[in-house]
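Participant: Here it is, the structure in full.
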């Protein structure tokens, strides 16, 4: 079985930019270590990607904070882990979850059985959205989330998202417990 890692939205705006948090900054060393524990050809990374008209979009009206505007510094992978992702397959996504990522991994699973581990930001928005999309697309594969390599909008929302994922048969692990 081929184990794949999905690194969700580890972009500057979510770490220490317009939507950054202390919790997001704190996971950077664990995220880098996790990425480096996978073979280079087994790492995928998503990029939350918006355009200059973001505030006029449905998401922008609900979250009126410009972030991850394509081409800006905040859109780029955080510099503390960018080098670790230099060989990753990048998936640009305009919203929380990526159906393109699900389709790509489904094709991988058709070639060879896979298991998928997710890490990244934000646990309660994009990590959970992608985990649930992958579970819906491939209900028989093992999907896990490493809680020590994720951060939510708040610690409470992080915990709630982890509990929701457990309820949906996504294994929640704590890499710090190793």
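Just so it is clear, none of the values below were taken in a lab; they were calculated from the coordinates. Computed from a predicted model, the values in this text were never measured in an experiment. Quick reminder, even Gly has a Cβ in these numbers, built from the backbone with ideal geometry, and neighbours come from all protein chains shown.
Participant: To test your reading of the geometry: what angle, between 0 and 90 degrees and rounded to tens, separates the Cα axis of helix 99-111 from the longest principal axis of the chain?
Facilitator: It works out to around 20 degrees.
Participant: Where does the chain land at 222 nm, in deg cm²/dmol rounded to the nearest 500, when only DSSP H runs of n ≥ 4 count, each adding -39500 (n - 2.57), divided by all residues?
Facilitator: Numbers: 8 runs with 63 residues, N = 178.
Taken over the chain, the calculation gives -9500 deg cm²/dmol.
Participant: Could you check the spin-label model distance between residue 89 and residue 53? Points 7 Å from the Cα along Cα→Cβ, value in nm.
Facilitator: Inter-label distance under the simple model: 3.1 nm.
Participant: OK, next. Just to confirm the number: angle between the C-alpha axis of helix 155-167 and the first principal axis of the chain, 0 to 90 degrees, nearest 10?
Facilitator: Its long axis makes an angle of about 30 degrees.
Participant: Order by neighbour count: 158, 87, fewest other Cβ atoms within 10 Å first, most last.
Facilitator: Ordered from fewest to most neighbouring Cβ atoms within 10 Å, 158, 87 come out as 87, 158.
Participant: May I ask you to sort 138, 104 by Cβ crowding, counting other Cβ atoms within 10 Å and putting the fewest first?
Facilitator: Sorted ascending by nearby Cβ count, the order is 104, 138.
Participant: Can you give the relative contact order of segment 2-177 as a percent, counting alpha carbon pairs under 8 Å and 6+ residues apart? Before the final figure, lay out the partial values.
Facilitator: Values: 326 pairs, mean separation 46.6, N = 176.
Taking the mean separation of contacting Cα pairs over the length of segment 2-177, I get 27 percent.
Participant: Output the 0 to 90 degree angle, nearest 10, between the alpha-carbon long axis of helix 128-137 and the longest principal axis computed from the alpha carbons of the chain.
Facilitator: On a 0 to 90 degree scale, this one is about 40.
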